[in-house]
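One structure is given here, and the rest of the page talks about it.
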Amino acid sequence: MNDWVPTRADLVRAADRARVRRARAEGRPFTLLLLIAGPGILVMLGENDGPSMLSYATTGATYGIGFFVPFIVLTFVMAFVVQEAVLRIGIATHRGHAELITSRFGPVWGTFAMLDLFVGNLLTLVAEFVAIAAGAAYFGIAALPAVSAGALLVIASMCTRRYFTWERAVLLLAAANVLFVPAAFFVHPNAGAIARALLTWQPLTGGVNKPFLMLMMADVGATVTPWMLFFQQSAVVDKGLTRADLGLARMETAAGAGVAAIVAIAALIAATPLFAHHVNAQSFAGGADFATALRPYIGTPGATLFALGMIEAGLVAAMTISTSSAYGVGEVMRRGHSLNLRFSQGGLFYAIGIGSIGVAAAVVLLPHAPLLAITLAVNVIATLLMAPALIFVLLLANDREIMGGLANGFRANVAGGAIVAGIAIVGAVYGVQLVLQEFGVT
């Protein structure tokens with residue numbers, strides 16, 4: 001006898017899937033794409049968060065466009081490779097990332113992955129509210145009302161109790177990430193110089209040193225981070241995507257990576273006047289300082305767009321990152337973990353998401369916090385944590401018992417292995433540089 005009783009999440013997900021089947025049966029490809037789109041775009045634009053945009057802006061202000069424009073493109077190619085594997089894992093197994101790690105490698109590794117995710121996400125959430133406060137400060141809004149309003153908006157998005165509604169609302173807000181693009185046009189960028197940078201990858205000026213390595217790691221951590229793995233896989237499951245959706249889901253993930261790369265480069269370009277005028281961006285406190293410093297060079301409209309973009313980046317990332325924490329904890333603890341659940345069914349899920357937002361917002365309101373240092377350090381930490389997280393992805397993607405025909409092929413393994421090795425090497429070089437500096441060698 002089958003005693004299984006569907007939850008509200010099951011019923012809502014089934015209704016969403018029925019709409020997808022109708023669109024496919026009626027031959028409406030655009031409608032089908034709109035219904036399937038979401039996790040891939042959100043994970044990419046969500047990673048264009050406050051710390052990331054400040055990292056890109058600091059990079060542009062410190063080194064200009066020559067070396068880092070093609071480097072950013074490379075990091076988003078890496079992001080697509082990783083997230084495409086996560087997408088396949090979610091579709092093949094219908095289980096979230098933390099849940100799958102627990103079932104395949106045991107509760108110890110599952111708990112480790114969960115704690116690693118939760119702590120890293122909490123630090124990142126702090127940085128997101130730093131970005132919101134910094135962007136609002138440009139408009140003369142104090143930190144308390146800015147952070148409080150931001151936290152309430154993020155919490156309200158989680159309380160819709162409907163994945164599809166939450167996803168559409170966040171997608172609408174995420175579209176404002178492109179505000180950095182018109183901000184960059186106020187710089188009157190040299191299209192030929194940007195093309196040369198992309199095609200020739202100009203050598204680095206100033207040599208490899210600690211500031212360069214920190215910015216390189218921050219830019220890697222601005223693109224490929226552990227929370228993305230947990231979020232997209234769990235969102236794919238919560239959305240109910242199937243193998244029939246894989247092609248379109250790949251397309252929307254690639255589109256998300258492309259748009260996010262353009263926006264990231266735009267943030268870098270918007271800050272290049274500071275490089276040209278030898279302004280030291282390393283001493284800035286946050287987005288408000290960037291916008292204020294850029295105003296003489298890109299005008300009030302450009303600086304305003306930059307500040308608004310910082311607020312949007314922090315809000316969207318806070319929504320996606322807090323949800324990834326809730327997914328991860330719920331999966332490992334074997335409790336309800338869906339945005340389609342009622343509060344009574346998903347108490348732990350909602351408590352983790354809302355609680356992490358509250359804690360992060362409270363931390364940001366502490367006085368005398370080194371804002372830019374926090375935001376850059378978050379991305380560096382993300383880079384250091386990424387290599388071991390990617391090893392789990394590679395192991396799962398090669399597990400043919402669960403993946404079947406969606407398991408990694410030779411090229412996917414070569415690309416994935418190269419990404420793990422590259423991130424590990426960058427982290428190791430940075431560590432060696434710190435040790436040598438400590439002993440006065442460099």
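Report summary: the helix-based calculation at 222 nm, which adds -39500 (n - 2.57) for every DSSP H run with n ≥ 4 and divides by the residues of the chain, gives -26000 deg cm²/dmol.
Accessible-area rank, largest first, for E47, E99: E99, E47, with all protein chains present and a 1.4 angstrom probe. Taking the Cα centre of the chain as origin and assigning +1 to Lys and Arg Cβ atoms and -1 to Asp and Glu Cβ atoms, the resulting dipole is close to 1020 debye. Only helices reaching 18 angstrom along their own axis (Cα) with mean Kyte-Doolittle hydropathy no lower than 0.0 count here, and for the DSSP H runs of the chain these are 50-63, 68-93, 107-138, 143-158, 226-239, 246-270, 287-332, 347-364, 371-397, 410-438. Look at the dipole of the chain built from charges on Cβ: of F186, N340, N413, the Cα furthest out on the positive end belongs to N340. Count Lys and Arg as plus one, Asp and Glu as minus one, and take only other residues whose Cβ is under 15 Å from that of L406; the net charge is then +2. Annotation: per residue accessible area for the chain equals 39 Å², rounded to a whole number [probe 1.4 Å, protein chains only]. Going 7 Å from the Cα of A156 along its beta-carbon direction, which residues of the stretch 307-334 have the amide nitrogen within less than 20 Å of the resulting point? From the stretch 307-334, the list is 308-323. Using the Cβ of V316 as centre and a radius below 14 Å, the other residues enclosed give a net charge of -4, where K and R count +1 and D and E count -1. The largest accessible area among F68, F30 belongs to the first residue in F30, F68, and the rest follow in falling order (1.4 Å probe, all chains). Taking all protein chains together, R334, R21, R161, R411 sort by accessible area into R411, R334, R21, R161, largest first [probe 1.4 Å].
For Y350, neighbours were defined as the other residues whose beta-carbon sits under 11 Å from its Cβ, and their charges (Lys and Arg +1, Asp and Glu -1) total +3. Taking R295, R162, R19 as the candidate residues, the one with maximal mean-square fluctuation in a Gaussian network model of the chain, Cα springs under 10 Å, is R19.
Entry note, the stretch 1-134: relative contact order of 23 percent, from Cα contacts under 8 Å with a spacing of 6+ residues. Can you give the percent of C-alpha pairs in the stretch 156-309 whose distance is more than 25 Å? That fraction is 44 percent. Taking the Cα centre of the stretch 116-274 as origin and assigning +1 to Lys and Arg Cβ atoms and -1 to Asp and Glu Cβ atoms, the resulting dipole is close to 160 debye.
The values are calculated or read from the model by the stated rules, or taken from the named source; none is laboratory data. Everything numeric in this text was worked out from a predicted model, so none of it was measured. FYI the Cβ positions are ideal-geometry reconstructions off the backbone, even for glycines, and counts take in every protein chain you see. Areas reflect the complete protein model, heavy atoms only, side chains present, ligands, DNA and RNA absent. Shrake-Rupley method; radii C 1.70, N 1.55, O 1.52, S 1.80 Å.
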